[in-house]
Amino acid sequence: MNITYLGHSCFLVETGRARLLIDPYLDENPRAAGKAADIRCDHVLISHGHEDHCADAEQIARANGALIIANYEIAEYFAAKGLRAHGMNPGGGFNFPFGRVKLTIAHHTSSLNAGLNPIYMGAPCGILIEADGRRLYHAGDTALFLDMQLIGRGGLDAALLPIGDNFTMGPDDALDALDLLKPRLAVPMHYDTWPLITQDADAFAAAAAKRGHRVQAMRSGDSIQA
């Protein structure tokens, strides 16, 4: 399983059978690696409805004929636009040709057009992917919660965790999340995109190492094997 960080919370996951794009936010992302028009994928997975996680979903899914996988409300929203979509909800899993996807709880909010006329986009989620004998957890935007210890059951090869603070967990809570999840490898995300969520990812990795956790701070465009 090859994982490429595209900036913010967006990752391209390449399995033996498919290319999965998670939380597409590229064209308006000042730290993105590439543009939406450059993406080639088979599936688009969305953790929740905020624009910094799904802004480019329609363009990318339409250009690639990709299947959108998300909670029920998000899937129905994009299906109404004529796109292929598979709706799920937290706790539910489904076996796709490339492997299994399960949605987990996440403590956050989920809407589009948040100003005066927000569109409710269902429950925010984390995403568990099982493919090629590997287990990957993308936490989405979330606060720390004790049930992360249940998400780690069966082992995690990689966990993608927000550290930006203000909107999500900050570094201190993310360290506690590592204690609960116990992944073989963790990658920080959702930081440094704007001044409000500036963090030192290398310092986070060093603090995690003192607790016995392996963290790799990726730069936009970097890839790792999980």
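Data for the structure
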item: Distant-in-sequence amide H partners of D192 (H built 1.01 Å from N, under 5 Å); result: I197, T198, Q199
item: Within the stretch 43-80, backbone nitrogen closer than 20 Å to the virtual label 7 Å beyond the Cα of W194 toward Cβ; result: 47-57
item: Segment Q149-E76, length gained on full extension (0.36 nm per residue, minus Cα span); result: 23.2 nm
item: The stretch 15-61: GluC sites (Glu not before Pro) falling in loop per DSSP and having at most 15 other Cβ within 10 Å; result: E28
item: Alpha carbon centroid spacing (whole Å) that separates the stretch 150-226 from the stretch 56-129; result: 23 Å
item: Cα-based shape type of the chain, given that a ≥ b ≥ c are square roots of the gyration tensor eigenvalues and the cut on a/c is 1.5; result: rounded
item: Beta bridges by DSSP in the stretch 65-175, antiparallel share as percent, to the nearest 5; result: 70 percent
item: Charged-residue dipole, Cβ positions (Lys, Arg, Asp, Glu), the stretch 2-225 about Cα centre, Debye nearest 20; result: 800 debye
item: Counting DSSP beta bridges with both ends in the chain, the antiparallel % (nearest 5); result: 60 percent
item: The chain - mean residue ellipticity at 222 nm from DSSP helices (-39,500 (n - 2.57) per run, n ≥ 4, rounded to 500); result: -5000 deg cm²/dmol
item: Highest to lowest packing among 30-42, 137-149, scored as the average C-beta count within 10 Å; result: 137-149, 30-42
item: Selected from I69, F98, I22, residue furthest toward positive end of dipole (the stretch 1-138; charges at beta carbon); result: F98
item: Length released on extending from L180 to R214, taking residue separation times 0.36 nm less the Cα-Cα span; result: 10.8 nm
item: Distance between modelled label sites at D222 and L112, nm, 7 Å Cα→Cβ extension; result: 3.3 nm
item: Base-10 log of normalised Debye intensity for the stretch 14-116 (one unit scatterer per alpha-carbon) at q = 0.20 Å⁻¹; result: -1.07
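Computed from the coordinates by the stated procedures, all read-outs in this text should not be read as laboratory data. The structure presented is a predicted model; accordingly, all values stated were derived computationally and were not measured. Neighbour counts are summed over all protein chains in view; Cβ atoms, including those assigned to glycine, are modelled from backbone coordinates with ideal geometry.
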